[in-house]
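**Q** Starting off with a structure, shown below.
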Amino acid sequence: MKKSTKIKTWAFLMRLGDRCGCHQREDRSFFIGEWQFPICSRCTGILTGQVIGIILYIASVRIPFYIDALFLLIMFLDWYIQYKKIKESTNIRRFITGNLAGIAQSSIIIKIILWIIGTF
């Protein structure tokens with residue numbers, strides 16, 4: 001692929017990441033070579049966690065709601081500790097806590113959809 005095509009593709013993905021609401025800070029993003037991910041490490045974790053959550057559901061793994069809440073709380077605590085300047089989070093920790101939150105989000109959304117379907 002030509003360098004100009006790569007740059008156009010990367011620019012398109014960066015605009016898409018921005019429109020999805022990610023801050024895209026360089027210091028909080030992963031890189032492949034010179035190319036910054038179009039979403040930060042936490043958003044990357046959330047996205048991959050959502051995919052993992054769907055795969056878990058397809059594999060008949062059911063996560064209890066209290067585990068969903070715990071996963072979301074873990075990500076919130078990571079954010080809050082950083083926000084209060086107690087300890088700076090790392091990109092790996094952001095990615096891991098994002099994964100947990102993404103799994104929880106998928107699980108909760110699936111539960112809501114099944115509940116709606118069951119009420120009709």
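The values are calculated or read from the model by the stated rules, or taken from the named source; none is laboratory data. Note that the structure is predicted; figures quoted are calculated from it, not measured. Here Cβ is always computed from backbone atoms with ideal geometry, including for glycine, and neighbour counts include all displayed protein chains.
Residue by residue, here is whether (1) farther than 20 Å from residue 59 by Cα; (2) under 14 Å from the mean Cα position of the chain (by Cα); (3) modelled with pLDDT of 95 or more holds:
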{"position": "81", "(1), (2), (3)": "yes, no, yes"}
{"position": "84", "(1), (2), (3)": "yes, no, yes"}
{"position": "89", "(1), (2), (3)": "yes, no, no"}
{"position": "100", "(1), (2), (3)": "no, yes, yes"}
{"position": "103", "(1), (2), (3)": "no, yes, yes"}
{"position": "106", "(1), (2), (3)": "no, yes, yes"}
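**Q** Please identify the pairs in which a residue from region 98-113 that is under 10 Å from residue 74 (Cβ atoms) has its Cβ atom under 7 Å from the Cβ atom of a residue that is at pLDDT 95 or above and among the aromatic types (Phe, Trp, Tyr), counting only partners at least 6 apart or on another chain.
**A** 100/71; 101/71; 104/71
Yes/no matrix, rows are residues, columns are (1) in a helix (DSSP H, G or I); (2) among the aliphatic types (A, V, I, L, M); (3) not assigned by TED's automatic domain parsing to the domain that holds residue 111:
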position: 4; (1), (2), (3): yes, no, yes
position: 8; (1), (2), (3): yes, no, yes
position: 13; (1), (2), (3): yes, yes, yes
position: 16; (1), (2), (3): yes, yes, yes
position: 23; (1), (2), (3): no, no, yes
position: 44; (1), (2), (3): yes, no, no
position: 47; (1), (2), (3): yes, yes, no
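**Q** Across region 29-42, what is the total count of residues that are outside any loop (DSSP other than H, G, I, E, B) and either closer than 25 Å to residue 107 by Cβ or modelled with pLDDT under 85 (or both)?
**A** If we filter region 29-42 for residues that are outside any loop (DSSP other than H, G, I, E, B), which is where we start, we get 31-32, 35-36, 41-42.
Still in the running and either closer than 25 Å to residue 107 by Cβ or modelled with pLDDT under 85 (or both): 41-42.
Residues flagged as outside any loop (DSSP other than H, G, I, E, B) and either closer than 25 Å to residue 107 by Cβ or modelled with pLDDT under 85 (or both) within region 29-42 amount to 2.
**Q** Suppose the filter is over 21 Å from residue 112 (Cβ atoms) and loosely packed, with under 12 Cβ neighbours inside 10 Å; does residue 25 pass it? Steps first, please.
**A** Numbers: over 21 Å from residue 112 (Cβ atoms): yes; loosely packed, with under 12 Cβ neighbours inside 10 Å: yes.
The answer is yes for residue 25.
**Q** Next up: Look at region 55-78 and say how many of its residues are of a type in the set (Ser, Thr, Tyr) and not in a helix (DSSP H, G or I).
**A** Just the residues of region 55-78 that are of a type in the set (Ser, Thr, Tyr), to begin with: 57, 60, 66.
Checking the rest, the ones that are also not in a helix (DSSP H, G or I) come to 60.
The qualifying residues number 1.
**Q** Something else: I'm trying to understand the selection: among the residues of region 15-28, which are farther than 17 Å from residue 90 by Cα and at pLDDT below 85?
**A** 16, 17, 18, 20
**Q** Is there a residue being among the charged types (D, E, K, R), crowded, with 16+ Cβ neighbours inside 10 Å and either farther than 30 Å from residue 12 by Cβ or in the same structural domain as residue 15 (by TED's automatic domain parsing) (or both) anywhere in region 62-74?
**A** Step one: of region 62-74, the residues among the charged types (D, E, K, R) are 62, 68.
Next, from what is left, pick out any that are crowded, with 16+ Cβ neighbours inside 10 Å: 68.
Still in the running and either farther than 30 Å from residue 12 by Cβ or in the same structural domain as residue 15 (by TED's automatic domain parsing) (or both): 68.
The answer is yes; a qualifying residue exists.
**Q** I've got another one for you. Which ones in region 37-57 are over 13 Å from the mean Cα position of the chain (by Cα) and either surrounded by 18 or more Cβ atoms within 10 Å (Cβ to Cβ) or among the hydroxyl-bearing types (Ser, Thr, Tyr) (or both)?
**A** As a first pass, look at region 37-57 and keep what is over 13 Å from the mean Cα position of the chain (by Cα): 54-57.
Once the filter is applied, which keeps residues that are over 13 Å from the mean Cα position of the chain (by Cα) and either surrounded by 18 or more Cβ atoms within 10 Å (Cβ to Cβ) or among the hydroxyl-bearing types (Ser, Thr, Tyr) (or both), region 37-57 yields only 57.
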